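Visitor: First the structure, then my questions, so here it is.
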Amino acid sequence: MAATDQNAGEEHTRRDFLYIATGAVAAIGVGGAAWPFIDQMNPDAASQALASTPPIDVAAINPGESISVMWRGKPVFIRRRTEEEVQAAKDTPLSDLPDQEARNPNIGGNADNVATDENRGAIEDEALLVMIGVCTHLGCIPIGEQGEFGGWFCPCHGSHYDTAGRIRKGPAPTNLEIPPYTFVSDNEIVVG
Amino acid sequence: MAGHGTSNFQPKNKTIRWIDSRLPIFSLMNEQAVEFPTPKNLNYMWTFGAILTFMLVVMIVSGITLAMHYAANTDIAFNRVEHIMRNVNYGWLIRYIHAVGASMFFIAVYLHIARGLYYGSYKAPREILWMLGVVILILMMATAFMGYVLPWGQMSFWGATVITNLFSAIPLIGPGIVEWLWGGFAVDNATLNRFFALHYLLPFMIAGVVVLHIWALHVSGNNNPTGVSIKTSKDAVPFHPYITIKDIFALLMFCLLYGYFVFYIPNYLGHPDNYIPADPLVTPAHIVPEWYLLPFYAILRAIPSKLGGVIAMFAALLVLFVVPWLDTSKVRSATYRPLYKIAFWGFVFTCFALGWLGAQAAEGIYVLLSRIFTLYYFAFFLVLMPLLGIIETPRRVPNSISEAVLHKHDPSSGGDKEGGFWAGIKRRGKKLAGAGGGTDGPTSGGGSGRPEAAPAAPKKD
């Protein structure tokens, strides 16, 4: 090998090229063959197809009442908040919020996207709050009307959310997510 | 006697000789499990390797038989476990052997690791051996976690949710990774099904790494309570019958404890909420992992940030990989390290404290205590280990295993407990006076606690 290296410089570079080219083709081949085995673990077509809920009647929910519906295997909290709850959320200055983003895909691109109560509640009906009921820390289900801020409290690791579902205290990094939803009639929404 | 190698292995049976000349499996067994030279001063902390091997076999056998009756489908998984408990012949026994066995496996592995930390079994030339052990520990944790999901009770479901959500802390790709792990948008049938497949696979991967672990062990040989390597054949006994009989005795004692749990308190170490079927709409008030993961869970909760907590939890495990390079002391065994000994027992206490705190609610004084003990957990590895090796004055290390063993039984010497420079000189003088025939190979000089220099592998010659 050493002799080849010294005596035949041309062959040396050619052989190197062949090694690299062969290795590159093998790596692409192995990667391509591995991909189906990796991708099969992603959500399948049947899971993806569970994109939206049937219409949900929200007019039947009185102030101070909540319902939970399942969407993509997760609970969605739909709560018609009392006036005091809305007022408490409105009175909270933004500087008190660890996460100041609205986390609401339903507000248009022109909105300022900050976590004010207007940007958290439904556009058509601010007292109506629709959120994915999954703690943004490690995925437990928060309990309603609990915690230091009268909103939601996650028992697993002690995250406190306020009456607009915004994180106020504890390890959760972000406000409770708001799912995409639309009013299909005056009284009914569809989540997803 | 040990140290004579394979040359004198001459099986009388003609068939065995015929096979052995083609596939030398009998001489391999003879060399590695019969004649293998083992330090003659091993204590009972050295029996957990055999106990762990036994436990791996028990878990694989009981697991395969359970798999014959179980079905990984969210509609029926919970009922299939009850079916095993009520209808399958001896199903209750096999399931309790498997469920309690997981706890016993971890009791044994934690004692095994503590042994390694106390006697410096991770130090040269056993770094790879130690790191393979850490790989086994991580595989065990992954296997145990996925196995706990299979009964599809409340703790199964919410444990799986919390642990898989740990990965969502990774910036940018985190949420994608979590959906990839779930195969959906929440822990569901796809998750249960793949966890079952992986729970079946991982024990065989563990078995593969165990082979490498034992291979590495048989290159460097066993460490021992003195930390001094075997220097002459006088320091060693053959593996069989000395160690085999000791291992079997310890295994029987261990099985008494195991049997007590299986037959009298099979659910003592489990959580009653796991007998409630999984409900994705209700989180139990108190989510706790199995006891063997509690210290790491406490570390996770001690850090007031999601990503920080996840990093600290994984770091608590991964720091074990670099222990061989964190410990700067040249003396292996804590027997001769007065300060490290204190630090070590502080670490043991910390692990118990974190385990207790992991089961408490994440509020008030518990959070503060978790932080204090998390700090000590990391300080033990990252500060005390490097620092003590420099500032500590070790006691005199015996020149050989034989010397240490003989002194223990010599009433006039005051035993090994008597430390310090002058005691060392005194002992050494006595030893030399009464040595008579053989000096045990090259000796390290002085009474100043110098470690033995050449960790000679017990190669046969």
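Visitor: Evaluate the following for B:G184: is it in a helix (DSSP H, G or I) and among the small types (G, A, S)?
Guide: Working: in a helix (DSSP H, G or I): no; among the small types (G, A, S): yes.
Here the answer is no, as B:G184 does not meet what is asked.
Visitor: Exactly one condition in (1) within 14 Å of chain A (Cβ to nearest Cβ); (2) surrounded by 17 or more Cβ atoms within 10 Å (Cβ to Cβ) is false for B:Y148; which is it?
Guide: Result: B:Y148 fails condition (1) only.
Visitor: A further question follows. Looking at the stretch B:28-80 only, could you name the residues that are within 29 Å of the chain's Cα centre (by Cα) and among the polar types (S, T, N, Q)?
Guide: Within the stretch B:28-80, B:N30, B:Q32, B:T38, B:N41, B:N43, B:T47, B:T53, B:S62, B:T65 qualify.
Visitor: I'd like to know if the stretch B:228-237 contains one or more residues that are surrounded by fewer than 21 Cβ atoms within 10 Å (Cβ to Cβ), away from every other protein chain (no Cβ under 14 Å), touching a helix residue (DSSP H, G or I) at 6+ places or on another chain (Cβ under 6 Å) and at pLDDT below 95.
Guide: yes
Visitor: Does any residue of the stretch B:295-309 turn out to be farther than 20 Å from B:F106 by Cα, modelled with pLDDT of 95 or more, in a loop (DSSP other than H, G, I, E, B) and not basic (K, R)?
Guide: Taking every residue of the stretch B:295-309 in turn, none turns out to be farther than 20 Å from B:F106 by Cα, modelled with pLDDT of 95 or more, in a loop (DSSP other than H, G, I, E, B) and not basic (K, R).
Visitor: Quick check on B:A160: is it farther than 30 Å from B:Y275 by Cβ, within 14 Å of chain A (Cβ to nearest Cβ) and out of contact with any strand residue (DSSP E or B) (no Cβ under 7 Å at 6 or more places or on another chain)?
Guide: Answer is no for this residue.
Visitor: Does B:K306 qualify as being farther than 15 Å from B:L117 by Cβ and within 14 Å of another protein chain (Cβ to nearest Cβ)? Break it down stepwise before answering.
Guide: Values: farther than 15 Å from B:L117 by Cβ: yes; within 14 Å of another protein chain (Cβ to nearest Cβ): yes.
When the stated conditions are applied, B:K306 passes them.
Visitor: Would a scan of the stretch B:82-93 turn up a residue that is within 16 Å of B:Y148 (Cα to Cα) and among the charged types (D, E, K, R)?
Guide: yes
Visitor: Does any residue of the stretch A:141-154 turn out to be away from chain B (no Cβ under 12 Å), under 18 Å from B:P175 (Cα atoms) and buried (at least 20 other Cβ atoms within 10 Å of the Cβ)?
Guide: Looking for residues that are away from chain B (no Cβ under 12 Å), under 18 Å from B:P175 (Cα atoms) and buried (at least 20 other Cβ atoms within 10 Å of the Cβ), one finds none in the stretch A:141-154, hence no.
Visitor: While we're on this one: Scan the stretch B:283-303 for residues that are within 11 Å of chain A (Cβ to nearest Cβ) and in contact (Cβ under 8 Å) with a residue 12 or more places away in the chain and jot them down.
Guide: Those that are within 11 Å of chain A (Cβ to nearest Cβ) and in contact (Cβ under 8 Å) with a residue 12 or more places away in the chain: B:T283, B:P284, B:H286, B:I287, B:V288, B:Y297, B:L300, B:R301, B:A302, B:I303.
Visitor: Across the stretch B:385-401, what is the number of residues that are among the small types (G, A, S) and either crowded, with 22+ Cβ neighbours inside 10 Å or over 16 Å from B:Y340 (Cβ atoms) (or both)?
Guide: Looking only at that region, the number is 1.
Visitor: Now for a different question. Just the residues that are within 17 Å of B:L137 (Cβ to Cβ) and surrounded by 19 or more Cβ atoms within 10 Å (Cβ to Cβ), please, taken from the stretch B:327-350.
Guide: Within the stretch B:327-350, B:F347 is the sole residue that qualifies.
Visitor: Any chance the stretch B:272-281 includes a residue that's within 14 Å of chain A (Cβ to nearest Cβ), under 29 Å from B:L294 (Cβ atoms) and assigned to a helix (DSSP H, G or I)?
Guide: Yes, the stretch B:272-281 contains a residue that is within 14 Å of chain A (Cβ to nearest Cβ), under 29 Å from B:L294 (Cβ atoms) and assigned to a helix (DSSP H, G or I).
Listed here are the residues, each with its yes/no results for (1) of a type outside the set (F, W, Y); (2) within 14 Å of chain A (Cβ to nearest Cβ); (3) in contact with a Phe, Trp or Tyr (Cβ under 7 Å, 6 or more places away or on another chain); (4) outside any helix (DSSP H, G or I).
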| site | (1), (2), (3), (4) |
| --- | --- |
| B:F105 | no, no, no, no |
| B:V109 | yes, no, no, no |
| B:P125 | yes, no, no, yes |
| B:W130 | no, no, yes, no |
| B:L137 | yes, no, no, no |
| B:M141 | yes, no, no, no |
| B:T164 | yes, yes, yes, no |
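Visitor: Determine which member of the set A:D57, A:D91 is among the charged types (D, E, K, R), away from every other protein chain (no Cβ under 11 Å) and either under 19 Å from the mean Cα position of the chain (by Cα) or closer than 30 Å to B:G184 by Cβ (or both).
Guide: After ruling out the rest, the residue left standing is A:D57.
Visitor: For the stretch B:201-213, does any single residue satisfy the condition of being of a type in the set (G, A, S) and within 14 Å of another protein chain (Cβ to nearest Cβ)?
Guide: No, that holds for no residue.
Visitor: Regarding A:M70, is this residue within 17 Å of the chain's Cα centre (by Cα), surrounded by 22 or more Cβ atoms within 10 Å (Cβ to Cβ) and not in a loop (DSSP other than H, G, I, E, B)? Before the answer, list the steps.
Guide: Working: within 17 Å of the chain's Cα centre (by Cα): yes; surrounded by 22 or more Cβ atoms within 10 Å (Cβ to Cβ): no; not in a loop (DSSP other than H, G, I, E, B): yes.
So A:M70 does not fit the description; no.
Visitor: B:A216 - would you say it is assigned to a helix (DSSP H, G or I), under 30 Å from B:G159 (Cα atoms) and of a type in the set (G, A, S)?
Guide: Taking the combined requirement at face value, the residue does not satisfy it.
Visitor: Here's another thing I want to ask about it. With the structure loaded, tell me whether B:L354 is farther than 23 Å from B:P394 by Cα and not charged (D, E, K, R) or whether it fails that test.
Guide: yes
Visitor: Still on this model: Given the condition surrounded by 18 or more Cβ atoms within 10 Å (Cβ to Cβ), free of Cβ contacts under 8 Å to residues at least 12 places away in the same chain and out of contact with any helix residue (DSSP H, G or I) (no Cβ under 8 Å at 6 or more places or on another chain), answer yes or no: does some residue in the stretch B:77-89 qualify?
Guide: yes
Visitor: Quick check: anything in the stretch B:249-266 free of Cβ contacts under 8 Å to residues at least 60 places away in the same chain, in a loop (DSSP other than H, G, I, E, B) and of a type in the set (S, T, Y)?
Guide: There is no residue in the stretch B:249-266 that is free of Cβ contacts under 8 Å to residues at least 60 places away in the same chain, in a loop (DSSP other than H, G, I, E, B) and of a type in the set (S, T, Y).
Visitor: Give me the pairs: first residue in the stretch B:171-195 and more than 10 Å from every other protein chain (Cβ to nearest Cβ), second residue of a type in the set (S, T, N, Q) and surrounded by fewer than 20 Cβ atoms within 10 Å (Cβ to Cβ), beta-carbon distance under 8 Å, and six or more apart or on different chains, which are they?
Guide: Partner pairs satisfying both residue conditions: B:L192/B:N73; B:L192/B:T74; B:N193/B:N73.
Visitor: Evaluate the following for A:R72: is it touching a Leu at 6+ places or on another chain (Cβ under 9 Å), within 13 Å of chain B (Cβ to nearest Cβ) and among the basic types (K, R)?
Guide: Working: touching a Leu at 6+ places or on another chain (Cβ under 9 Å): yes; within 13 Å of chain B (Cβ to nearest Cβ): yes; among the basic types (K, R): yes.
Spelling it out, A:R72 is indeed touching a Leu at 6+ places or on another chain (Cβ under 9 Å), within 13 Å of chain B (Cβ to nearest Cβ) and among the basic types (K, R).
Visitor: Answer yes or no as to whether A:N62 is at pLDDT below 90, more than 14 Å from every other protein chain (Cβ to nearest Cβ) and either touching a Lys or Arg at 6+ places or on another chain (Cβ under 7 Å) or crowded, with 19+ Cβ neighbours inside 10 Å (or both).
Guide: Against the criterion (at pLDDT below 90, more than 14 Å from every other protein chain (Cβ to nearest Cβ) and either touching a Lys or Arg at 6+ places or on another chain (Cβ under 7 Å) or crowded, with 19+ Cβ neighbours inside 10 Å (or both)), A:N62 does not qualify.
Visitor: Could you say whether any residue in the stretch B:315-333 is closer than 30 Å to A:D99 by Cα and away from chain A (no Cβ under 13 Å)?
Guide: Scanning the stretch B:315-333 turns up at least one residue that is closer than 30 Å to A:D99 by Cα and away from chain A (no Cβ under 13 Å).
Visitor: Within the stretch B:354-371, can you find the residues that are surrounded by fewer than 14 Cβ atoms within 10 Å (Cβ to Cβ) and of a type in the set (V, I, T)?
Guide: B:I365
Visitor: How many of the residues in the stretch A:165-179 are surrounded by 18 or more Cβ atoms within 10 Å (Cβ to Cβ) and more than 10 Å from chain B (Cβ to nearest Cβ)?
Guide: So the answer is 8.
The values are calculated or read from the model by the stated rules, or taken from the named source; none is laboratory data. Model, not experiment: these values are computed from the prediction. All Cβ positions, even for glycine, are placed from backbone atoms using ideal geometry, and neighbour counts span all protein chains on display.
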